[in-house]
1. Which residue, of A172, A201, is at pLDDT 95 or above, more than 21 Å from Y56 (Cα to Cα) and open to solvent by 10 Å² or more (accessible area, probe 1.4 Å)?
2. Which condition number in (1) touching a Leu at 6+ places or on another chain (Cβ under 8 Å); (2) assigned to a helix (DSSP H, G or I); (3) more than 26 Å from R12 (Cβ to Cβ) is the one that D139 fails?
3. In this structure, does K108 turn out to be among the charged types (D, E, K, R), over 30 Å from L195 (Cα atoms), open to solvent by 10 Å² or more (accessible area, probe 1.4 Å) and modelled with pLDDT of 95 or more?
4. Any residue in segment 66-79 that is closer than 17 Å to V118 by Cα and of a type in the set (F, W, Y) sitting within a Cβ distance under 8 Å of a residue that is assigned to a strand (DSSP E or B) and at pLDDT 95 or above? List the pairs, counting only those 6 or more apart or interchain.
5. Can you find, within segment 15-64, the residue that is modelled with the lowest pLDDT among those that are open to solvent by less than 40 Å² (accessible area, probe 1.4 Å) and aromatic (F, W, Y)?
6. Would you please name the residue that is surrounded by the most Cβ atoms within 10 Å (Cβ to Cβ), looking only at residues in segment 94-105 that are touching a helix residue (DSSP H, G or I) at 6+ places or on another chain (Cβ under 7 Å) and free of Cβ contacts under 8 Å to residues at least 60 places away in the same chain?
Amino acid sequence: MMPLVHFPASARFDEWSTWPGYSLKSKVEQGKTPRQDRFGDLSDRHVFVYGGPCCYYHDGCIGDAVIYFAPGVELGCKGGATPFDSGSLEHSPARLQPFRATNADEDKRWRFFTKYQVSLEDWRESFADWLAFVFDDPDSYLDSGADRHAAGEPERTRPAFLLHHNGTRGRARYGEDECGDRRAWTWEIRIEGALPFEKIALLHIPFDAFEHVNDFADELERRTGVRPQVKPLPPGVAASFRSLYADSGSILRELIR
């Protein structure tokens, strides 16, 4: 079963590992008022993870560690999933093509999002069906190559036009940074409320943080009886969204075995 992956892009391990409640919390769960627009409300009410490689990043992100949650962590939770990153539709102009080129309004972007959203309880069945359909070799989905437009690019997808307007085809058509990268076909899972650290299966971390993270893993084992794996980057490799993503495919393969 596919683990769920979260990259705290705006916080380093020393910060998020001490958050109250020993969990990732949505903004609403933190007591904040959700935004009034539909995509903002969606974002503020959920914790976002990928059912696939750790491909999330944003300009100026400072995160230095990735959380791999055990498969099934979402059981009993409320939420939903889509076979693409909803954040690529949130802003105007959107990142996802052709919505960006046509400067699609929020109503159109939201209709597209809701058409392809599935419930959290059904997402694994939908994901398995999608995976078998879009890839000749499903293992290709775990590709975390440096070219994010080409990484994991499927032979076909649903809806078909996403593949024609994003990835390598979108880059050729619209230009660099003008379309969706592999997030256009990486499953996004949204969990309402919070995700407890007790369900962490593996932590991917900077090499020089190994001792500190081991202490954190020891504490999780004391609380739950289960100790997450701790996987450091090689010595001399700086922790960044690039280096953490590069190892993501191989880490997922190890966890799925």
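1. Numbers: A201 fails: more than 21 Å from Y56 (Cα to Cα).
Step by step, each of A172, A201 is checked, and only A172 is at pLDDT 95 or above, more than 21 Å from Y56 (Cα to Cα) and open to solvent by 10 Å² or more (accessible area, probe 1.4 Å).
2. So D139 meets the others, but not (1).
3. Numbers: among the charged types (D, E, K, R): yes; over 30 Å from L195 (Cα atoms): yes; open to solvent by 10 Å² or more (accessible area, probe 1.4 Å): yes; modelled with pLDDT of 95 or more: yes.
Answer is yes for this residue.
4. Close Cβ pairs (under 8 Å, with a partner that is assigned to a strand (DSSP E or B) and at pLDDT 95 or above) do not exist here.
5. Looking at the filtered set, the residue picked out is Y22.
6. Here is the first cut: in segment 94-105, the residues touching a helix residue (DSSP H, G or I) at 6+ places or on another chain (Cβ under 7 Å) are 94-99, 101.
From the residues that got through so far, the ones that are free of Cβ contacts under 8 Å to residues at least 60 places away in the same chain too are 94, 99.
Values: A94: 23, F99: 20.
Looking at the filtered set, the residue picked out is A94.
The values are calculated or read from the model by the stated rules, or taken from the named source; none is laboratory data. Quick caveat, the model's predicted, so the values are computed rather than measured. Heads up, the Cβs are rebuilt from the backbone with ideal geometry, glycines too, and the neighbour counts pull from every protein chain shown. The protein model used for the area step is the full one, side chains on, heavy atoms only, and it has no ligands, DNA or RNA in it. Shrake-Rupley method; radii C 1.70, N 1.55, O 1.52, S 1.80 Å.
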